[in-house]
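None of the figures in this text is laboratory data; all of them are computed from the coordinates on show. Predicted, not measured: the structure shown is a model, and the values here were computed from it. Because the Cβ atoms are built from the backbone with ideal geometry, glycine has one as well, and the counts that use them run over all protein chains shown.
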Amino acid sequence: MDDTLEIDNLAVSESEDELSLEQMIEVIEEAWLNEKFAPEILPHKTEIVELLLGQITHMEEQLQQVSSTDFKKGIHQMELDRLKYLVTSYLRMRLEKIETFFTLILKQEQQRTEKNEEPYLNPNEFEFAQEYEQSIKDHFESIMSFCPNVMDTEAQIISPNVNSMIILKSKKNIEGITVDDGNAENNDLIDLTSGSQILINYNSIASLLKNGDVHLI
Amino acid sequence: MDPDEVEFWAEKTPIQIIPSFNSQTMFLIGGDIGPFRASIPTRVPLWMAIHLKKQQQCKIIPPDWLDVEILTNVKEQEKDNKSFVKMPSEHYMVEAKLILGNAADDIPRVDEIRTIIKDIWDIRMSKLRSSMDLMIKNSSMYAAVDNLTLMEMNSIRPILPNALDQIYRMKTIKRGLTGRTQGTSILSHSKSTVSFNS
Amino acid sequence: MSYNSSYSPNYYSMDDILATQERIPCKFLQKVPRMGRLNPSTEENDLKEGTDLELPLWLAIDCSMGRQPVVAPELPKIFKENYREILKADANAVDLHKFSLYFYELGSYVKGFDHRQEVHNILLHTFITRFRLIMDLANNSESDPSIQQKLDMLERRIYAAGHAAASKLNKWLLESGAQLEAAVLVTNHKKRKRVDDDLIGWN
Amino acid sequence: MFAEKACNLIKELSRNEGVLPPYNMDLVKEVCTEIKLLDEQNKSDGAAVANESGIANYSNELYPTLRVGVAAVKRNVRCLMAYHYNRLRTLRTMRWEFGSVLPPDVKANLNSNEIEWFSKYSRSLTKYMMSLGDEGLNLGVNLRPPKSLYIEVRCLVDYGKYELSDGTVLLLKKDSRHFLPRSECEELITQGVFQHIV
């Protein structure tokens, strides 16, 4: 067995409050699940995605110097394939949401800017969203050029169904979640203990999700 | 989620192997693995164990619960309980399938285990169907699903959440026909008077 | 879409457009000059006040709202008492598709003019009662096409999504799975090509 | 009835779920004509119905006519927009499945605006993918969770020469079988050139 292969990870400055690579992967794994099941787009994780992509590239470069007969190359390759699936799939889901809800997402981004809140899209996603919106707008305008004022741009906005049902896992003890069950009154209150899993309507827990108190599964 | 995606998450589960090779620690992006010493058990993620097993470079040590007695006990409990029993592993079905499928020669009484796992799965699936039916009958808009594993939760998707979404919609929808408060702005003929997301 | 989404109509939703094409009975509350042609049984230029006509939902909605409604819509017969009684007796036995292809959507639009909420209740009752049927159908690998025919569009969408997921799960349980496949549109494109080729062959 | 033709556009699309039928230029033109005529009539009726301050006078004889006319325009426009929008959604999916070059017979079913939209979309997407990481990241691969490094594939068409990332050139003939790294064949599987043999 060839024992000479030495592969190390890119030096990541590891101060106390920074995440280890393993923790970064966990963050993206959780973000993947959240993005998969949340009806709306969630805050981006660009810094971590970029750091992971850097690691992937670095590892790929190192692997090029390794002989294909070394069985360890296969293991590194499999790990890379898993990470690449994780990251590309995560980014694809975000693009799909951007393409579906572009007008609403751009509006909400603008509101966040006005309120000095953190944006949900990174600059590249934002640019993509704007180009996408413009391309749809141009397309519609050229169809309707014979009679331009009859379009109803307000009605055309597509919103996600924030009342859709999701399953979550709680990361801590949480008391008094109001369940929006579609009845106007007498909403139930529920408590969660750390680790408990419930099926519930997204709207009832969206803020807990964004705080990081729960994650979707 | 598709079953292969659930499998992807389950493949992170650590498992013991007995390598048939020697190697220093491997520095994977997700953490260090090894060192490997022939015949000395070590812990690796399931995906790696299966990969090495396919190349005949290790034996897989089955997790403690992958055992006829323990699983028989679980099965009996599952039968006796109306609710769902906590499973010995949160990915029992995927782990069992991957290990039994790729390392049958490392597992004692493999056919018996296969049958019991299948029985447990079937009992739980049947309970799930009754629970789903009950939930819809009561139009319950939340439910604790504590002891369900990811693959089981996935088996109720999308049908249960979709049906509940529609019940919620039917309960809350208030559509245009009696909406006498909404005026129609005729002259500018803009603004729809029907909401498509009510 | 790869993330979870259930039917929630929007401006471009083809199902909602087709649902709002369903006709419902309406009475004209005012004379409508030059709109006589809406009534196929008359040659007159104006539509008379008091005319009873079946109008598509989209028109009935827009003309019944506001301070000065032009038409008064009525409940379609499938939501009237006789039909509600049939659904109450055994919703599972009903060929809902024959009632209306868009039973729930139509019902949700018209339930507003039943002040006793009977329509609202029958929609929920029907959906809830028939859920078991849809779930069993979705879990059944060899589903009987004649039963699917009895579902309305909303039920069919839920059935189809459930059936697709159940098939994937069964496939996974049976084999090693994870086969990489050609994209759906690519496959359809090929199928169609083959049909086109056949046609050319016959000519 | 108004907007029947517009609704036929939607029926045509809805019958063809999963494929893109030829762009129905004739029917689109007819719908546009209906909108234009209705809109002109609405404008003149609107002028008659409006009082001095531009607000609809409910007691005017033409008020109900205007209501019907406005509803008919709105419906026509909604169907027309939905027809075009849903076609773009299918085109968008085709970009992910066929890549940036559409098969000629698909292209033949598009109108020139759609072809233009497709290349715009394709450009935006490429630009976005290039912005990822240091040297760009192709989001069109790694579509499913990875299972094994190498897979066996059968070639379904006479494809010709195909170069692997290490420079090896393969001759892909119909029915030839190959054992290749998964990452090298994924795109050709998506495009229907290869079939994955399990």
Notebook entry, point to check: If the convex hull of the alpha-carbon atoms of the stretch C:77-175 is projected onto planes in all directions, what is the mean projected area in square nanometres?
Noted result: 6.3
Check: Counting only residues 5 or more places away or on other chains, whose amide H sits under 5 Å from the amide H of A:ILE217 once H atoms are built in the peptide plane?
Finding: A:ILE167, A:LEU168, A:LYS169
Checklist line | Table column - 3J(HN,Hα) (Hz), the stretch C:9-19, Karplus curve with 6.51, -1.76, 1.60, x for Gly and Pro | finding: x, 10, 3, 9, 5, 5, 4, 5, 5, 5, 5
Check: Taking the radius of gyration and the Kirkwood hydrodynamic radius from Cα positions alone, what is the Rg/Rh ratio for the protein assembly as shown, to two decimal places?
Finding: 0.99
Note to self: Can you list residues from other chains, or at least 5 along the same chain, whose modelled amide H is less than 5 Å from the amide H of B:ILE15?
What the structure shows: B:VAL44, B:LEU46
Next item on the list: Please give the helix A:123-143 orientation as an angle from the longest Cα principal axis of chain A, in degrees from 0 to 90, rounded to the nearest 10.
Entry: 40
Notebook entry, point to check: Using a simple charge model, +1 on the beta-carbon of Lys and Arg, -1 on the beta-carbon of Asp and Glu, nothing else, what dipole does the stretch D:4-130 show about its Cα centre, in debye to the nearest 20?
Noted result: 620
Checklist line | For chain D, the fraction of alpha-carbon pairs in successive 5 Å shells from zero, as % | finding: 1, 6, 11, 11, 12, 11, 10, 8, 7, 6, 5, 4, 3, 2, 2, 1, 0
Note to self: Using Cα-Cα distances under 8 Å and only pairs 6 or more residues apart, what relative contact order does the stretch A:21-144 have, in percent?
What the structure shows: 30
Notebook entry, point to check: Arranged by the count of other C-beta atoms within 10 angstrom, fewest first, what order do D:TRP117, B:TRP65 take?
Noted result: B:TRP65, D:TRP117
Next item on the list: On a 0 to 90° scale, report how tilted helix A:46-64 is relative to the longest principal axis of chain A, with both axes built from alpha carbons and the result rounded to the nearest 10.
Entry: 30
Item checked: Span-rule helices in chain B, defined as complete DSSP H runs reaching 30 Å or more along the axis (Cα) with Kyte mean at least 0.0 -> none
Checklist line | Hull-based mean projected area of the stretch A:165-216, where the convex hull spans the alpha carbons, in square nanometres | finding: 3.1
Notebook entry, point to check: Based on DSSP H runs of at least 4 residues, each adding -39500 (n - 2.57), what is the mean residue ellipticity at 222 nm of chain B after dividing by all its residues, to the nearest 500 deg cm²/dmol?
Noted result: -14000 deg cm²/dmol
Next item on the list: Order by neighbour count: C:VAL186, D:VAL169, D:VAL153, fewest other Cβ atoms within 10 Å first, most last.
Entry: D:VAL169, C:VAL186, D:VAL153
Notebook entry, point to check: Which semi-axes, in whole Å and largest first, does the equivalent ellipsoid of the stretch B:6-61 have when worked out from the alpha carbon gyration tensor as the square roots of 5 times its eigenvalues?
Noted result: 18, 14, 9
Check: What is the set of long-range amide H partners of B:LEU28 at a cut-off below 5 Å, with H atoms built 1.01 Å from backbone N?
Finding: B:ILE33
Checklist line | Convex hull (Cα only) mean projected area of chain A, reported in nm² to one decimal | finding: 18.2
Item checked: Average Cα contact separation per residue, the stretch C:77-175, under 8 Å, 6 or more apart, as relative contact order % -> 33
Notebook entry, point to check: From the backbone phi of the stretch B:14-20, what are the Karplus-calculated ³J(HN,Hα) couplings (6.51 cos²θ - 1.76 cosθ + 1.60, θ = phi - 60°) in whole Hz, Gly and Pro given as x?
Noted result: x, 8, 8, 10, 10, x, 10
Next item on the list: Give a quick list of chymotrypsin sites (Phe, Trp or Tyr not before Pro) in the stretch D:1-94 that DSSP marks as loop, anything other than H, G, I, E or B, with at most 15 other Cβ atoms within 10 Å.
Entry: D:TYR58
Note to self: Which entries of A:LYS97/D:LYS36; C:LYS48/D:LYS36; A:LYS172/B:LYS53; A:LYS72/B:LYS12; B:LYS75/C:LYS168; A:LYS45/A:LYS107 have Cα-Cα distances beyond 29 Å here?
What the structure shows: A:LYS97/D:LYS36; A:LYS172/B:LYS53
Check: Taking neighbour counts of Cβ atoms within 10 Å as a proxy for exposure, in what order, fewest first, do D:CYS155, D:CYS185 appear?
Finding: D:CYS155, D:CYS185
Next item on the list: Report, to the nearest 10°, how far helix D:25-49 tilts away from the longest principal axis of the Cα atoms in chain D, using its own Cα long axis and a range of 0 to 90°.
Entry: 30
